[in-house]
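Novice: Let me give you the structure first, and then I'll get to my questions.
The values are calculated or read from the model by the stated rules, or taken from the named source; none is laboratory data. Computed from a predicted model, the values in this text were never measured in an experiment. Heads up, the Cβs are rebuilt from the backbone with ideal geometry, glycines too, and the neighbour counts pull from every protein chain shown. Only protein heavy atoms, including side chains, enter the accessible area calculation; ligands, DNA and RNA are left aside. Shrake-Rupley method; radii C 1.70, N 1.55, O 1.52, S 1.80 Å.
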Amino acid sequence: MSLIVKEAGKAISRADERAPISSLAKANLRKIFPDHWSFMLGEIALYSFIILLLTGVYLTIWFKPSMIEVPYHGSYAPLDGIPMSEAYASALNISFDVRGGLLIRQIHHWAALFFMAAMIVHMFRIFFTGAFRKPRELNWVIGGSMIMIGLLEGFAGYSLPDDLLSGVGVRIVAGIIESIPVVGTYLMFFIFGGQFPGSDFIPRLYTFHVLLVPGILLALVGLHLVLIFYHKHTQYPGPGRTNTNVVGYPLFPVYTAKAGGFFFVVFGVTVLIASIVTINPIWAYGPYVPDQVTAGSQPDWYIGFLDGMLRAIPPGWETVIWGHTISWNIFVPGLVMPGVLFTLLLGYPFIEAWVTGDTREHHLLDRPRNAPTRTALGVMAITFYGILVLNGANDIIAQMTSIPFNYITWFTRVGIVVFPPLAFVATRRFCLGLQRRDRDLLLHGRESGQVLRLPHGEFIEIHTPISDTEKAVILSKVDVPVIEAPPATDENGVVTPGLKGRRRRAKWSRFYFGDNVAKPSAAEIEAAAHHAHEEHDHEVEELTEGGKDIPARLTD
Amino acid sequence: MTSTSVRRHRATGLVVLLAALVATGVGYAAVTDSAQAAPPQASETQVQQGRQLFLEGCATCHGLAAQGTDSGPGLIGVGAASVDFQVTTGRMPLSAPAVQAPRKTPQYTPEQVTALAAYVASLGAGPAIPSDSDLSTTDANLAEGGELFRTNCAQCHNFAGKGGALSDGKYAPTLMNATPREMVEAMLTGPQNMPNFPNATLPLEKKQAIVKYITDNLQNAAAPGGLALGSYGPVTEGVFIWTAGIGALLLAAVWIGAKVR
Ligand code: HEM
């Protein structure tokens, strides 16, 4: 026995001499990670992705990506004898005749919804805390790309079973491709291998869904994680936390235990949901037949905002050039708008860096209130997105609320320009209010609700000083200086180079930081502390003068 | 109050609720059974009785001779099936002008409905009330019914018969409450925004297949996947993941995040 152990030990050390894994592992396993529940949002996405890979492989064993028409004779009687594509028949087969197949399908699909939702919630955390700032811009771009690619991947998966609901979705996408000016029709024919629906699309989509996109995603996920490791994790402000340290726990064993545990929580919740709640009941939708459609045809929620955009654009926005019709009403909401939205999303760190002119590295997170314009832009974007998602479900909302869906569409058309700016203004004000409150807290402490009368008759309220943790958090605020526009000419009358651009930047800088409430200076804090001290002395005086029953403390 | 008495109290409420539900169910079953009974053959006295009922309850909108007015269409030639459908589903008499006459509790007894139908049928030929044998689905093919349903009905009534919104506040109602007779009558007469499917284009056997699909597969839907979330499609699934799903995981994250402090 001991011999085996000894030999094994030798073998390991021999291997280690060639590939120094243990020292590498030692250094990395002890790496310190800061701790906060919101740092686990990305993990939800990661674990859902792993669940997708595992269940996806199981599905590939039985799924037949073929559009050849076959009559169905499986065990789901209501479709017995109905002609359908092999793809749909095999998805039914997975649902009803493969052991655990339906459960795996439902886990796969619920995990896909989790994957997308978790990525988006994770992105909110990154955005509102400014974690995308230098040096993490690239990781933001990778993250945003994963959302975009995840969207395509989800759509592809949703379309594979070739049921009535997904077929309608594919038809819409075919229409969007056709709407591209000049090349649209050719491109559509190229992708579908001829007329819609043809017989090539599902096999092609299958390669895309199980090979190409998961491969790309896996590479991006890997890169994302490596970069997190390399940059080290950001941390929230607090006592002892600076831009140059990391306060937390070592990766091993604390984080590995936590993360491992959390994987099983995510897995457990997904399986639980998948075993009690139906998702995508393809058998109830029936096979895709181009002349059929069901009321309430919807995409999965993550495509909903695109559908909402399509539904909001008034029909008939078209131009005819040399006998060719360009359908702006499809091309713009279907491709141009998502293109613009994703460009803004991926480019945001660079836009903000340009405005601030900030080239420093940031490892300490912002509190959302301390970046009011950014926070307000984020809430504005969420409002915009939310309205589109709602409009994507306008018929279902109409059915549930009895509000005619034409009204909902009009509400969207107006609301999409009215509500996001309102949300912007409200959020910004709210943030500035919180900043002002922070300043007061720091200078005067917290109002205790106790009023004190001084010997000469003056009333003052007693303020209790805030804790050191609170102080450190509030003091973490970095006042970003507003960039001033340079004078048009210098003292020698020479025109300032790049005047226009610099003026524009000054304007944006004012827009971002002009209204910020300045953090109190050390001198101000000192002065305030002194004042508070006096206040405190009064209290003590009064108490000793008045004897045991605190007569000077008034409550009425 | 102690905690046990609170619990007992709640349980009492539950029992009462259950009893009430059972009572409603039994009562409802009795009502629908009588509605499904075959209408007796129309006689002259029935027509007379129907005319009387019509003058009292319908003529204000449909005109004294059912010729139609500004507040209601003419009924000459709509047939007994149309009257039977409109009155047994409670749509007629219309109580208030609305975008669409809603289904509500019927206001007439089955005999009175037969009389009204006999009267309107006597004014001009139209689809008759389907007989019991017309409604038999024993020979009908379920899968064919499903195919016909998806081709002809799902675009308005949704794949699971849960209904759907039409433009300007109009809607295709859920099919969960309709009886086989009402289904066939609806297809024969095409109420309001529903197209009609005369026997010439959709033969009776095909109608029976559709009825079988609705009654056997939609009204009594098996749920192999678990809770169906109303069978409204991906919207309710999305709502579920963003509330219960993400909610549960956020709670777990906060809990674990707080653990190692
Ligand atoms: C980010 C990754 C992924 C996402 C978002 C995703 C999403 C989806 C969705 C929404 C469906 C429809 C499921 C249904 O309701 O039937 C689906 C089906 C499918 N997926 Fe994925 N998937 C992912 C990765 C994978 C991987 C890695 C594989 C295989 C290696 C895979 C294999 C399949 C197969 C074979 C089907 C069709 C089977 C069926 O629908 O019954 N997926 N996917």
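Novice: Label A:V451 and A:I149 with points 7 Å out from Cα along Cα→Cβ: what is the distance between them in nm?
Specialist: Roughly 6.5 nm, to one decimal.
Novice: Suppose we keep just the alpha-carbon trace of region A:267-331; what are its Rg and Dmax in angstrom?
Specialist: Expressed in Å, the Cα Rg and Dmax of region A:267-331 come to 18.4, 59.
Novice: Pairs of Cα atoms under 8 Å, at least six residues apart: use those to get the relative contact order of region B:44-123, whole percent.
Specialist: 42
Novice: Now, a different point. How far is the Cα center of region A:332-365 from the Cα center of region A:389-421, in Å?
Specialist: 28
Novice: Per residue of A:252-261, count partner chain C-beta atoms within 10 Å of its C-beta, then hand back the mean as an integer.
Specialist: Mean partner shielding for this stretch: 1.
Novice: Pull up all non-local amide H partners of A:M84: gap of 5 or more, or a different chain, and H-to-H distance under 5 Å with H placed in the peptide plane.
Specialist: Amide H neighbours of A:M84: A:V70, A:Y72.
Novice: With Rg and the Kirkwood Rh both taken from Cα atoms, where does Rg over Rh land for region B:63-192?
Specialist: Taking Rg over the Kirkwood Rh, I get 0.98.
Novice: Between region A:441-473 and region B:175-197, what's the alpha-carbon centroid distance in Å?
Specialist: 74
Novice: So, one more: Rank by packing, highest mean first: peptides A:457-467, A:252-262, B:114-124, with packing defined as the count of other Cβ atoms within 10 Å averaged across residues.
Specialist: The packing order, highest mean first, is B:114-124, A:252-262, A:457-467.
Novice: Express as a percent, rounded to the nearest 5, the fraction of DSSP beta bridges in the protein assembly as shown (both residues included) that run antiparallel.
Specialist: Taking every DSSP beta bridge with both residues in the protein assembly as shown, the antiparallel ones total about 90 percent.
Novice: Can you list residues whose amide H is under 5 Å from A:T496's amide H, if they're 5+ apart or on another chain and H is modeled 1.01 Å from N?
Specialist: A:T489, A:D490
Novice: If A:M67, A:M337, A:M146 are ordered by their accessible area, calculated over protein heavy atoms with a 1.4 Å probe, which sequence runs from highest to lowest?
Specialist: Result of the area sort, largest leading: A:M337, A:M67, A:M146.
Novice: Give the peptides A:487-494, B:157-164, A:285-292, B:196-203 in descending order of average Cβ contacts within 10 Å, highest first.
Specialist: Highest-to-lowest ranking by the protection proxy: B:157-164, A:285-292, B:196-203, A:487-494.
Novice: Counting alpha carbon pairs within less than 8 Å and at least 6 residues apart, what relative contact order, in whole percent, applies to chain A?
Specialist: 16
Novice: Give me the inter-chain shielding for B:172-182: mean count of other chain Cβ atoms within 10 Å, whole number please.
Specialist: 0
Novice: Then there is this: Using the Kirkwood formula over every pair of different C-alpha atoms, what hydrodynamic radius in Å results for region A:445-546?
Specialist: 18.0
Novice: In peptide A:103-115, what is the residue-averaged number of other protein chain Cβ atoms found within 10 Å of each Cβ?
Specialist: So the per-residue partner count for this stretch is 2.
Novice: Oh, and also: With an 8 Å cut-off on Cα pairs and a minimum separation of 6 or more residues, tell me the relative contact order of region A:38-299 in percent.
Specialist: 28
Novice: Continuing with the same structure: If amide hydrogens are placed 1.01 Å from N in the peptide plane, which non-local residues have theirs closer than 5 Å to the one on A:L365?
Specialist: A:Q235, A:Y236
Novice: Compute the label zone of B:L94 within region B:154-176: residues whose backbone N is under 15 Å from the point 7 Å along Cα-to-Cβ.
Specialist: Under 15 Å, as judged by backbone N against the label point of B:L94, lie B:170-171 of region B:154-176.
Novice: What is the log10 of I(q)/I(0) for region A:28-134, computed with the Debye formula using one identical point scatterer on each Cα and no solvent, at q = 0.12, 0.15, 0.21 Å⁻¹?
Specialist: -0.59, -0.74, -1.06
Novice: For region A:83-196, just say rounded, prolate or oblate: build the C-alpha gyration tensor, square-root its eigenvalues into a ≥ b ≥ c, call rounded for a/c under 1.5, and beyond that prolate if a/b exceeds b/c, oblate if not.
Specialist: Here region A:83-196 falls in the oblate category.
Novice: Still on this model: Considering only protein heavy atoms, with the full assembly of protein chains and a 1.4 angstrom probe, order A:R30, A:R14 by accessible area, largest first.
Specialist: Order by accessible area, largest first: A:R30, A:R14.
Novice: Follow-up. State, to one decimal in nm, how far the label point of B:L227 lies from the label point of A:V70, with both points 7 Å from Cα in the Cβ direction.
Specialist: Here the modelled spin labels are 3.5 nm apart.
Novice: Report the Rg/Rh value for region A:38-299, based on alpha-carbon coordinates and the Kirkwood definition of Rh.
Specialist: Answer for region A:38-299: 1.04.
Novice: Indicate the helices, whole DSSP H runs only, in chain A that combine a mean Kyte-Doolittle hydropathy of 1.6 or more with a Cα extent along their long axis of 18 angstrom or more.
Specialist: Passing helices, by number: A:41-62, A:164-178, A:213-231, A:256-276.
Novice: Mean shadow of region B:132-218, computed from the convex hull of its alpha carbons, in nm²?
Specialist: The Cα convex hull of region B:132-218, projected and averaged over all directions, gives 5.2 nm².
Novice: Would you mind checking the radius of gyration and Dmax of region B:44-123 based on alpha-carbon positions, in Å?
Specialist: Using the Cα atoms of region B:44-123, the pair Rg, Dmax is 11.4, 36 Å.
Novice: From the phi of every residue in region B:102-115, what ³J(HN,Hα) in whole Hz does the Karplus formula 6.51 cos²θ - 1.76 cosθ + 1.60 yield, where θ is phi - 60° and glycine or proline is x?
Specialist: Rounded to whole hertz, the list is x, 6, 8, 4, x, 9, 10, 6, x, 5, 5, 4, 4, 5.
Novice: Could you state the number of Å between the C-alpha centres of region B:128-146 and region A:94-132?
Specialist: After rounding, the separation between the Cα centres reads 43 Å.
Novice: In sequence order, what are the phi-derived ³J(HN,Hα) couplings for region A:70-80 according to the Karplus relation 6.51 cos²θ - 1.76 cosθ + 1.60 with θ = phi - 60°, rounded to whole Hz, with x for glycine and proline?
Specialist: 9, x, 8, 9, x, 8, 8, 4, x, 10, 4
Novice: Still on this structure, please answer the following. I'd like the accessible area for B:S131, computed on protein heavy atoms only with a 1.4 Å probe and all protein chains in place. Round to 10 Å², please.
Specialist: Rounded to the nearest 10, the figure is 50 Å².
Novice: Assuming a viscosity of 1.567 mPa s and a temperature of 4 °C, what translational diffusion coefficient in µm² per second does Stokes-Einstein assign to chain A, Rh being the Kirkwood radius over Cα pairs?
Specialist: In µm²/s, the coefficient rounds to 45.
Novice: So how much accessible area does A:E69 have, in Å² to the nearest 10, using a 1.4 Å probe?
Specialist: In the full protein context, A:E69 sits at about 140 Å².
Novice: Tell me, what ³J(HN,Hα) does each residue in region B:62-71 have, in order and in whole Hz, if you take phi through Karplus 6.51 cos²θ - 1.76 cosθ + 1.60 with θ = phi - 60° and put x for Gly and Pro?
Specialist: 9, x, 5, 10, 6, 7, x, 9, 5, 9
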